[in-house]
Amino acid sequence: MLIKLTGGTVYDPAHGINGKVMDIYARDGRIVERPRDGEKIDQEYNLAGKVVMAGAIDMHTHIGGGKVNIARTLLPEDHRGDPVPHSDLCRAGCGHAVPSTLTTGYRYAEMGYTAGFEPAVLPMNARQAHLEMGDTPIIDKGGYAMLGSDDLLLRMMAANKDQNAINDYVAWTIHASQAMGIKVVNAGGISAFKFNQRMLDLDEQNAYYKVTPREVLQRLSRAVHELGVPHPLHVHGNNLGVPGNVETTLNTIAGVEGYPLHLTHIQFHSYGTEGDRKFSSGAARIAEAINKNKNISADVGQILFGQTVTASGDNMSQFRNAGHATPNKWVCMDIECDAGCGVVPFKYKDQNFVNALQWAIGLEIFLLVDDPWRIFLTTDHPNGAPFTSYPHLIKLLMDKTFRNEMLSRISPDAQTMSTLASIDREYSLYEIAIMTRAGAAKLVGLHDRGHLGAGAAADITVYTDNADREKMFAKPDYVFKDGELVVRDGSVVKVTWGATHVVKPEFDRGIEKEIAKYFDTYHTVKMDHVKVTDQHIADDGRGHVQVQACEGRREKTA
Amino acid sequence: METFAQAGTMDSVTCPFCGLLCDDLSVERDVAGNLNVAKNGCHKSITFFSRAPQAPSPRVDGRTVELKDAVAKAAKILGNARHPLIAGLGTEVQGMRAVMSLADKAGAALDHMNSNGFMRNIQVVQNSGWQICTLTEVRNRVDLLVIVGTDVVSLFPRFFERVVWNRDSMFDQNTSAREVVYLGGRGIDTSAGVAPDGRKPDVLPCDPEHMPDVMAALRALLAGKKLHATEVGGIAVAELEKLAQRLQTAKYSVIAWAAGALNFPHAELTVQNITELVKTLNKTTRSSGLPLGGNEGEMNANQVSAWISGYPVRTSYARAYPEHDPYHFSTDHLLSSGEADAMLWVSSFNPDRVPPKTDLPTVVFGHAHMKLEQEPAVFIPVGTPGADHNGIMFRSDNVVSLPLDQLRDSALPSLGEVLTAIEQAL
């Protein structure tokens, strides 16, 4: 099967292509340079005047696993507001803040997204995360396994085990959880909360292990780097949501000795303590630090106004914030000497000073970070807002007039505390393509996605250029997934099942002796039963595992 | 793959017959496929694994038929129904996925056989949420265990062995010094709560109908209220005050209940008093609730239903999109009100869990040993997950899921295979 996309205006930043009119060919799901001599073109799409990009990649979105399902269970009233009937093609479900899995897949695809990565896969709950993602159609998926408050790592660190042993354990965890990388959430803090500590600053000791978050970050960032895992350590910082946490974040950046670090939903970690209300924007300082430190990347975790639900592994912070639950109900869990979770429904209000300033802080960070290869477009779905609000967010970034109009409507006190009105920058289509495609693929370690060069998977999105960027990005003309047309005019026309991306770093399997003993002595399950097999992912013939190479980053092929 | 035709011993076998999902069993198999628990058994796992392999034929109206004919008849019943009910739901994850797909297509309602208990918890989560933990946390952290209204062990035989009286724990705790309190219930067997050194648990009994008063009183005390009564439900308030104080001074207390055992009207409010007092305790110390359940694949049904439909069971696809109502879509209500016009019943773990009596056309997907008083329109024997075929199962704590392994050859199809065939025939 050979398809030809003719005469579209192509944005492919991985190859430096910025709005060039060109043809793209895809054979059997992969992009090829040109047809073979005499090869027949099976399908041709005339894309004159259309905008062509690779399929978008959401590098941080809570779409699968225990806390997501708890969030669903917690919010029947939210589902009732957005029922999704089945059609001839698609199955029924529900939408809005935490959509059902099938609806999640359809809606991502209908927005031109072809991959999404679950950032908080608890190793003890990894099978569930993969089961849920396995019932998420069309898009590719994958996850980052959570470490940093698990008792085994903390025990190894307290015993001063050498870095090689830590690396082996980290690699084992990536294999067992079928993950693309490692995430650390409130390093050491989830464990500290189990010992009744309520805050844990970067250099504060865990009450039992005497280990500090800084040490956890150093050990894990080094491990990920030394294992050759392309995705840098994915860090949800300590002190989420606490005024003044900008200092913690800056210290975190300074504290990892140059190892690559990805700071996630950094908006929630960029708060100062200035002003009458002791709550201010730390965006400028954070952006400056990112601009200066090339080993640092971040996604924003933009908040947008309205009802949503926050679902996080950080039960220490979620318990602290539970008083803000709207509606007033929440779940916190201590989980398996492995991690925790907290699920707190939230309604961000534009006339609330704090919420309004959070909104402005996120946008300031987007606009003040110079390098679009190191800043990523997320709402930390669903924590800042549901992923379905991405087109609106893109418009805020690309359209200064629109942004300033929205700014003029929020809490006046927040307006005066923000520099947003003075920032003229507007993102270009090329920069949006970097953030949501080329940069995201490079960051996650997807060597054959996020670009349109020969050999790449034919995940392609086609838009009609429209000055109203929200309209443009909400409803692509065509979405191709692995070369198959799956969306036309913003509606699913074919349901496929994407791949699950994983990495398999090499390690010394001798570590299993120690891990097995730990499980036998202290746990309620056997080590071998923690492992998620390929079969668990591929069962019922829909998903499959794609192993991405662990040899550093993809080179530009152009 | 392993050949199942030979005799052998299998280690690290997972038992799906209660929500604890113990995965440390040794199970012997003879050449005929008979299984015998050789190590780490309990009365439940021994019953479960010792059921001899059988492969009875499917039946339509009591007559033996081929599977394809039973499938065709089941599809016809489903196709003729306007609001079928798929109930029982004693299956593992893959079977439940097939149930969800079929329900969507057929416009069916879904309910699990243990929902009367589980919905008490669901209503609490939907109304106020909760703060809970999982089994390994209990095993390593609990210093004061309060058990509300149940002996635990008749539902979960190895509970104390696995997570209370375990010798090793991670944080230098002398586990035999753990304190156990049984609160509420009458005539409860508390012997499992006796510590390894012979120390007896504290028992504060009351009649089940007084449980709501007792839990409300304890919650009130923990909220700092003064009670004028001197006794509640036969328990001296002084005793409750003492318990409240112990909860406040404990480093990590756990309050366990089994919703299915709280069998009195509006027991969800009693569950809520437990979960809200746990929240109160966490203002100053650490405490977790521990909802115990998960028997007969209860968690599989609710987890899979939640991610595919957005809601736990008691959900209907009658309007082409899922709607959830803990009262309206209960098996009892749908059968007694006449709102369901056909029933599919699933029980693949347990032959004793037979469908409720009904005049509706009924299709039963049952354990091979199932004996039915009332012959259904269609009976299709299905394999037992974790013995006859592989599967995945969620544990009581709704977090950990474990693989179930095939242990012997079986001619029986899995539920998933049968339901997929029915869906295709619709």
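The values are calculated or read from the model by the stated rules, or taken from the named source; none is laboratory data. From a predicted model like this one, the values you see are computed outputs, not experimental measurements. Every residue, glycine among them, receives a Cβ derived from its backbone with ideal geometry; neighbour counts consider all protein chains shown.
Summary of values
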item: Residue count, the range B:245-266 (criterion: away from chain A (no Cβ under 14 Å) and farther than 24 Å from B:F160 by Cβ); result: 4
item: Single match in B:G383, B:G416 (criterion: touching a residue at least 12 places away in the same chain (Cβ under 8 Å), within 12 Å of another protein chain (Cβ to nearest Cβ) and either outside any strand (DSSP E or B) or buried (at least 22 other Cβ atoms within 10 Å of the Cβ) (or both)); result: B:G416
item: Options A:A298, A:A287; residue that is surrounded by 24 or more Cβ atoms within 10 Å (Cβ to Cβ) and touching a helix residue (DSSP H, G or I) at 6+ places or on another chain (Cβ under 8 Å); result: A:A298
item: Residues of the range A:455-471 that turn out to be exposed (fewer than 15 other Cβ atoms within 10 Å of the Cβ) and either of a type outside the set (D, E) or in contact with a Leu (Cβ under 6 Å, 6 or more places away or on another chain) (or both), as a count; result: 5
item: Residue in the range B:284-293 that is of a type in the set (A, V, I, L, M, F, W, C), touching a Cys at 6+ places or on another chain (Cβ under 8 Å) and in a strand (DSSP E or B) present; result: yes
item: Scope the range B:55-99; condition part of a loop (DSSP other than H, G, I, E, B), surrounded by fewer than 16 Cβ atoms within 10 Å (Cβ to Cβ), touching a Ser or Thr at 6+ places or on another chain (Cβ under 9 Å) and of a type outside the set (G, A, S); matching residues; result: B:P56, B:E66
item: Selection within the range A:64-82 - touching a residue at least 24 places away in the same chain (Cβ under 8 Å) and either at the interface with chain B (Cβ under 7 Å from one of its Cβ atoms) or assigned to a helix (DSSP H, G or I) (or both); result: A:G66, A:K67, A:V68, A:N69, A:I70, A:A71, A:R72, A:L74, A:E77, A:D78
item: Per-region count, the range B:178-200, residues closer than 14 Å to B:R246 by Cα and free of Cβ contacts under 8 Å to residues at least 60 places away in the same chain; result: 3
item: Sole exception among (1) at negative phi; (2) at pLDDT 95 or above for A:N186, by number; result: (1)
item: Some residue of the range B:124-142 being within 10 Å of chain A (Cβ to nearest Cβ), part of a helix (DSSP H, G or I) and farther than 28 Å from B:L243 by Cα; result: yes
item: Candidates B:E339, B:E373 - the one that is more than 22 Å from the chain's Cα centre (by Cα), more than 14 Å from chain A (Cβ to nearest Cβ) and at pLDDT below 95; result: B:E373
item: Residues that are more than 10 Å from chain B (Cβ to nearest Cβ) and assigned to a loop (DSSP other than H, G, I, E, B), drawn from the range A:111-146; result: A:M111, A:G112, A:P137, A:I138, A:I139
item: Test set (1) in contact with an Asp or Glu (Cβ under 8 Å, 6 or more places away or on another chain); (2) surrounded by 14 or more Cβ atoms within 10 Å (Cβ to Cβ) - B:D189 fails condition number; result: (2)
item: Qualifying residue in the range A:97-109 (condition: farther than 24 Å from A:R449 by Cα and surrounded by fewer than 24 Cβ atoms within 10 Å (Cβ to Cβ)); result: no
item: Sole residue being within 14 Å of another protein chain (Cβ to nearest Cβ) and in contact with a Pro (Cβ under 6 Å, 6 or more places away or on another chain), chosen from A:S177, A:S149; result: A:S177
item: From the options A:A474, A:A549, A:A499, A:A516, residue that is more than 14 Å from chain B (Cβ to nearest Cβ), of a type in the set (A, V, I, L, M, F, W, C) and exposed (fewer than 15 other Cβ atoms within 10 Å of the Cβ); result: A:A549
item: Residue among A:F305, A:F268, A:F319 that alone is touching a residue at least 40 places away in the same chain (Cβ under 8 Å), among the hydrophobic types (A, V, I, L, M, F, W, C) and under 16 Å from A:E247 (Cα atoms); result: A:F268
item: Qualifying residue in the range B:11-30 (condition: β-branched (V, I, T) and surrounded by fewer than 19 Cβ atoms within 10 Å (Cβ to Cβ)); result: no
item: Segments classed as strands (runs of 3 or more DSSP E), wholly inside the range A:245-352, with at least 3 members that are within 14 Å of chain B (Cβ to nearest Cβ); result: A:306-312, A:330-335, A:339-348
item: Top-ranked residue of the range B:150-166 - restricted to ones that are away from chain A (no Cβ under 13 Å) and within 14 Å of the chain's Cα centre (by Cα), ranked as surrounded by the most Cβ atoms within 10 Å (Cβ to Cβ); result: B:V152
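Here is a yes/no grid of residues against (1) over 15 Å from the mean Cα position of the chain (by Cα); (2) within 14 Å of chain B (Cβ to nearest Cβ); (3) farther than 30 Å from A:C337 by Cα:
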{"residue": "A:G38", "(1), (2), (3)": "yes, no, yes"}
{"residue": "A:I41", "(1), (2), (3)": "yes, no, yes"}
{"residue": "A:G49", "(1), (2), (3)": "yes, no, yes"}
{"residue": "A:H62", "(1), (2), (3)": "no, yes, no"}
{"residue": "A:V84", "(1), (2), (3)": "yes, yes, yes"}
{"residue": "A:L102", "(1), (2), (3)": "yes, yes, yes"}
{"residue": "A:A109", "(1), (2), (3)": "yes, no, yes"}
